[in-house]
1. Evaluate the following for residue 186: is it surrounded by fewer than 19 Cβ atoms within 10 Å (Cβ to Cβ), within 31 Å of the chain's Cα centre (by Cα) and either closer than 22 Å to residue 327 by Cα or at pLDDT 95 or above (or both)?
2. Considering only residues that are in a loop (DSSP other than H, G, I, E, B) and closer than 15 Å to residue 293 by Cα, which ones fall in region 316-334?
3. Do you know which residues across region 595-610 are in contact with a strand residue (DSSP E or B) (Cβ under 8 Å, 6 or more places away or on another chain) and surrounded by fewer than 23 Cβ atoms within 10 Å (Cβ to Cβ)?
4. With respect to residue 47, is the statement that it is modelled with pLDDT of 90 or more, within 25 Å of the chain's Cα centre (by Cα), outside any strand (DSSP E or B) and crowded, with 18+ Cβ neighbours inside 10 Å true?
5. So, of the residues in region 326-344 that are closer than 23 Å to residue 213 by Cα and free of Cβ contacts under 8 Å to residues at least 40 places away in the same chain, which turns out to be surrounded by the fewest Cβ atoms within 10 Å (Cβ to Cβ)?
6. Please note which helices (runs of 4 or more DSSP H) are completely contained in region 525-629 and include at least 2 residues that are under 26 Å from the mean Cα position of the chain (by Cα) and at pLDDT below 95.
7. Of all the residues that make up region 655-689, how many are at pLDDT 95 or above, outside any helix (DSSP H, G or I) and within 16 Å of residue 635 (Cβ to Cβ)?
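The values are calculated or read from the model by the stated rules, or taken from the named source; none is laboratory data. In this text the structure is predicted, and so the values were computed from the model without any measurement. With ideal geometry, Cβ positions are generated from the backbone for all residues, glycine too; neighbour counts draw on all protein chains shown.
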């Protein structure tokens, strides 16, 4: 999520009366000693800064290109090449080499795009490797550079303020967006041609709209044809979308930043898909029923023998159609239709369908049977067979090795883990690959010929790394890390608990010190509880912030209840129409079950904290269940769902015009007068995802109800990445819980 820039120097209390401090609070430890561990976490990004990322293998598998921070506490990424045969590493380019002494400058559009991608690092944040592997395309400060891997020659491309640059499949051209129009750059000629026209303040070409970037995980707004002759691009008409203005209160002399934001129940951007030749010319618009299916969720155009395919959804996200496009006529034909009475989720893979090379069949994924499964289908869309079993918690599709007859996917039989599996295209039992069997989360990138793969892992025991593996399983080499080694693994126990008929996954993080016999500690519930993410995972680095808080004298608990993913369709979709009641009941039931098992948990002193949806939950829990929660911290909470975006909100609650009761039940202000416990609200004042309006609405409701609360405004956006800001926020969290729980 999005980085916060700066913390206001003082805490602002907006309340009729401050919360009463606990009697006889413990004497604080020296700040430097107490916060050293958290300072290390903040500056090293949980000891991950310096690990290789965004790695790509060359087609022959002989080289790996990747990004890596210049040091363990330096959030500026550089571009490297690893020679698999020799085991050597070389830096291909540096930001200083390309920009000199000039400071990197980002356009407002690129800043917004990076916030949607949750990208807060500097330097090189992405690169594109040509299909033949000979060239690398990088962006820095809105300028484009092509690096020849053989000669190391750097070719600056003309223009500036480029967004989303991509090589053509033949590597001769680069497409990119500037000034809201799609352009094509001829690398050899050094020329630029705009291939779209007509952009205005409210019309753009080649850019993914807000909800596609924020909620669909679709960050591209154009797609090359496999023969490099054409481009498909989306046009966004935002003339009917509400404009929101965000001002920087630290700089009142600057005008507010305007952006188009579709609130629940209000108009979205009108999106259509066009085809244009690489050299420009007339646009052929693709025809489908955009009135009935306004969301363009996925676009795939990867295989020469296969058609351009698009996935479109209705506004309620209860029906979607996979369409094959006749690019000559601009017409479409239906391949697959999916319906769900609650809602349809998008596959994480982002490149579906996955066509086989001859275009005769494709892979499709569905929850139609109650859990995500991979299917093989004919080019007509006709079902052939299911490739994965329903008890395999599928996460994403990786690759198809047609020659060997395997489909590779990520998933597991334990939702806390993510392994790499392969399943026969012909049908039959799958198997977890040996290198991914260690408890943790694994990812792979394959060379095109499947001769080698790059295995990335973060494990339950704290190990993390990147290694190159041959087809036969031999480790050929490891990408060097400059990250600081993890000084100690968190004292986290992963467990399962039974709360009535439910089996819940939970995690408990204890202080580094051993507890005395019979000692009890207050409990902090670190929560998300929303329908897009889980909190309990077999990955040690996920619990390092919990360890920092536990070392202050707490037991930090995470629980995944109903309404979270990776436990099947019914487990997730039971929250339709009410985002809080089931989630709240399950978290409390889980806490009580843990308390019965672990006597060191003092359930008379429980705090709750969360961010974004977790902040929403924390506010609701503190207000509605003072018998369970003694204090709460709500960071960037969604308070009134009619003021959050269309695609996310309407998926779970419907349109506010049609389902007013669902919105009332899920609205925090509905219960504001019930607040009886200390509540700290934290919000970035320039947040353009969950606007500060949300917290201010709760502040107003609490004030009018005569209920005390605390509010800490921050000068920034949705999430925190700046180390000093994270450190000061942690200090404030510790101070609040020490005062209210101890």
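1. No: the conditions fail for residue 186.
2. The answer is 316, 317, 318.
3. Across region 595-610, the qualifying residues are 595, 597, 598, 600, 601, 602, 603, 605.
4. Yes; evaluated as a whole, the condition is true for this residue.
5. Top of the filtered list is 338.
6. Fully inside region 525-629 and qualifying: 544-550.
7. 6
Here is a yes/no grid of residues against (1) part of a strand (DSSP E or B); (2) in contact with a strand residue (DSSP E or B) (Cβ under 9 Å, 6 or more places away or on another chain); (3) modelled with pLDDT of 85 or more:
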| position | (1), (2), (3) |
| --- | --- |
| 2 | no, yes, no |
| 21 | no, no, no |
| 28 | no, no, no |
| 55 | yes, yes, yes |
| 60 | no, yes, yes |
